[in-house]
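S.K.: One structure coming up, written as C-alpha cells, with questions to follow.
The values are calculated or read from the model by the stated rules, or taken from the named source; none is laboratory data. Source: prediction; values computed, not measured. Cβ sites come from the backbone with ideal geometry, for glycine too, and all protein chains shown count toward neighbours.
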Amino acid sequence: MRLQKNQKGLTFISWLIILAIGGFFVLLALKLTPIYLENQGVKSVVQSLNNDPLIRKTDSRGIRNIIKKRMKINSIYDFPKDAIKIKKTKTRLNVDITYNKEEKIVANVYVLVKFSEQLSVDIVR
C-alpha cells in the first residue's frame, strides 16, 4: 500500500510509447496532407468547368486538354492519364476523375487513398 502512495505520473517506458504513437500520427498527417491538398486542386479544376462556356462548344479531346492545363496551373503534375473520363452527348457532359494515390509511410507500410470527382453539365441552354 505504501508504494502506491508514492507513485505519481507515467514511467519512462510509458512516455516512450505515448511519444511513438503521437509521432506516428504526426508522420501520417505530414504524408497525407499534400495528397489532400492536391485533391482540393482537382476539385477546383472540376468545379471551374461548370462555369466555363467554352466546354459546351469543345469536343472531348479539347475538354481533356483544358483539364490538363488547369491542373498544371494548380501545380498538379503527377496525374494518371487514364483517370479522366469524359462522356459528351448532345445534351449532357459528364466528367469523371477517379484516381488513387499511394504514399509510403515507413519501410513497407503504404497508405492508399482513393478520390473520385464528378461533374455533370447540361450543354443545351
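S.K.: Name the single residue, out of those in the range 86-125 being surrounded by fewer than 13 Cβ atoms within 10 Å (Cβ to Cβ) and among the acidic types (Asp, Glu), that is modelled with the lowest pLDDT.
M.R.: So the first thing to find is which residues in the range 86-125 are surrounded by fewer than 13 Cβ atoms within 10 Å (Cβ to Cβ), and the list is 87, 89-92, 100, 102, 104, 106-110, 112, 114, 116, 118, 120, 122, 124-125.
Those left that are additionally among the acidic types (Asp, Glu): 102, 122.
On the way: Glu102: 95, Asp122: 87.
Applying the filter and picking the extreme gives Asp122.
S.K.: Name the residue, out of Ser14, Ser60, that is small (Gly, Ala, Ser), more than 23 Å from the chain's Cα centre (by Cα) and surrounded by 11 or more Cβ atoms within 10 Å (Cβ to Cβ).
M.R.: Matching residue, one of Ser14, Ser60: Ser60.
S.K.: Is it the case that Val26 is part of a helix (DSSP H, G or I), under 21 Å from Phe115 (Cα atoms) and β-branched (Val, Ile, Thr)?
M.R.: Here the answer is no, as Val26 does not meet what is asked.
S.K.: Looking at Lys87 and the list (1) assigned to a helix (DSSP H, G or I); (2) over 30 Å from Lys104 (Cβ atoms), which single condition is not satisfied?
M.R.: With (1) assigned to a helix (DSSP H, G or I); (2) over 30 Å from Lys104 (Cβ atoms) applied to Lys87, the lone miss is (1).
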